[in-house]
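Here the structure comes first, spelled out in structure tokens, and everything after it is commentary.
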Amino acid sequence: MTGTAHTTDTPRRPLDVLVVGSANADLVTVVERHPAPGETVLGSDLTVHPGGKGANQAVAAARLGARAGLLARVGDDAHGRLLAASLADAGVDTGPVLTGGAPTGVALIAVDGRGDNTIVVSPGANGRLTPADVVDARAVLASAAVVSLQLEIPSASVAAAVRTAVAAGTRVVLNPSPPAPLPPDVLAACDPLVVNEHEARALLRSPTGGAPATGSADAADPAEPADAAGRAEALRRRGPRSVVVTLGAAGALVCGPQGTEHVPAPAVEAVDATGAGDAFTGALAWRLALGEDLASAVRFAVRVGAASVTRPGAQTSYPAADALP
């Protein structure tokens with residue numbers, strides 16, 4: 001890893017998937033139940049895992065067999081070295097990863113007895129990945145069949161990556177997590193926009209296509225469609241070329257110009273849902289890079305997401321293609 005991104009003059013091996021996003025150290029404790037506001041509960045011994053939505057998606061794709069790369073920024077510290085080792089072990093191209101500017105980002109994760117989690121992220125170096133870094137890496141973006149993004153890096157850097165990908169003819173997959181405003185041209189480039197049910201509600205309740213300015217993203221809204229399929233269709237009318245809504249154990253919804261389809265997930269015993277959405281999105285991006293249609297790619301991705309919840313951790317839980325349910 002270096003402090004300078006690759007330039008347009010740097011030749012690179014073509015990638016199936018380039019992930020542009022965050023790289024964090026996940027600090028995880030297991031609790032019997034999540035605390036209410038102002039309440040303290042006891043957790044298990046703290047464990048440290050490589051994570052971050054960007055790094056997770058890159059590792060998930062690479063473990064499945066994709067030629068995957070990551071454009072991210074980490075700190076020059078122990079957590080950054082942990083991430084570098086995990087990415088390299090999974091076969092991710094770490095050439096575009098930048099070092100320095102701030103400590104590596106950290107995610108504080110509590111997992112309850114049902115495998116559900118709550119997460120607080122301290123962005124650290126992720127917040128220092130700039131639009132200029134993206135422009136410097138334009139040759140890498142152009143080398144990929146699919147660019148996959150999330151919103152744990154600055155929104156201006158996300159927009160720069162999407163616009164660079166569009167100019168290069170690269171397909172864009174975007175998971176707006178955590179929900180935040182999306183410029184119309186960024187939203188229009190998404191093929192698909194990948195959201196869970198919480199993110200779908202947040203996007204629909206904002207006229208700008210991002211998180212609502214006030215109130216709860218889960219508060220009732222009489223104008224909101226009552227079911228997930230209706231929300232998927234309402235989201236697609238906001239501008240993205242296609243929408244995928246993940247439904248946890250129920251699978252996912254695929255919404256495109258031809259209509260909406262439900263894709264069920266295999267039944268598994270959930271241990272830890274941390275990073276399951278990233279496993280899904282990494283797998284989805286890879287299958288799209290191979291030329292599969294969206295519904296087929298989602299059918300594969302729900303199997304990967306289901307497999308990931310059967311083991312603790314994020315990247316440590318991601319399966320190889322021959323280990324899917």
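Within the stretch 308-317, the set of residues being under 16 Å from Ala265 (Cα atoms) and crowded, with 22+ Cβ neighbours inside 10 Å comprises Ser308, Val309. Within the stretch 106-141, being touching a Ser or Thr at 6+ places or on another chain (Cβ under 9 Å) and acidic (Asp, Glu) holds for Asp112, Asp133, Asp136.
Taking the conditions (1) touching a strand residue (DSSP E or B) at 6+ places or on another chain (Cβ under 8 Å); (2) surrounded by fewer than 23 Cβ atoms within 10 Å (Cβ to Cβ); (3) at pLDDT 95 or above; (4) under 18 Å from Leu151 (Cα atoms) in turn, Thr130 satisfies each one other than (1).
For the stretch 36-70, which positions are within 13 Å of the chain's Cα centre (by Cα), more than 14 Å from Trp286 (Cα to Cα) and assigned to a strand (DSSP E or B)? The answer is Gly51, and nothing else. Whether any residue in the stretch 250-259 is in contact with a helix residue (DSSP H, G or I) (Cβ under 8 Å, 6 or more places away or on another chain) and either free of Cβ contacts under 8 Å to residues at least 24 places away in the same chain or basic (Lys, Arg) (or both) is what I want to check. No, the stretch 250-259 contains no residue that is in contact with a helix residue (DSSP H, G or I) (Cβ under 8 Å, 6 or more places away or on another chain) and either free of Cβ contacts under 8 Å to residues at least 24 places away in the same chain or basic (Lys, Arg) (or both).
When the stretch 205-230 is filtered for residues that are touching a Leu at 6+ places or on another chain (Cβ under 7 Å) and modelled with pLDDT of 90 or more, only Ala229 remains. State yes or no: is Asp9 modelled with pLDDT of 95 or more, part of a loop (DSSP other than H, G, I, E, B) and surrounded by fewer than 20 Cβ atoms within 10 Å (Cβ to Cβ)? Taking the combined requirement at face value, the residue does not satisfy it. Listed conditions (1) modelled with pLDDT of 95 or more; (2) of a type in the set (Gly, Ala, Ser); (3) closer than 25 Å to Leu27 by Cβ are all met by Ser122, apart from (1).
The number of residues in the stretch 293-325 being of a type in the set (D, E, K, R) and under 21 Å from Val30 (Cβ atoms) comes to 1. Hey, among the residues in the stretch 28-73 that are polar (S, T, N, Q) and surrounded by fewer than 24 Cβ atoms within 10 Å (Cβ to Cβ), which one's farthest from Gln315 (Cα to Cα)? Looking at residues that are polar (S, T, N, Q) and surrounded by fewer than 24 Cβ atoms within 10 Å (Cβ to Cβ), I get Thr40.
The values are calculated or read from the model by the stated rules, or taken from the named source; none is laboratory data. Note that the coordinates shown come from a computational prediction; the quantities given were computed from them, not determined experimentally. With ideal geometry, Cβ positions are generated from the backbone for all residues, glycine too; neighbour counts draw on all protein chains shown.
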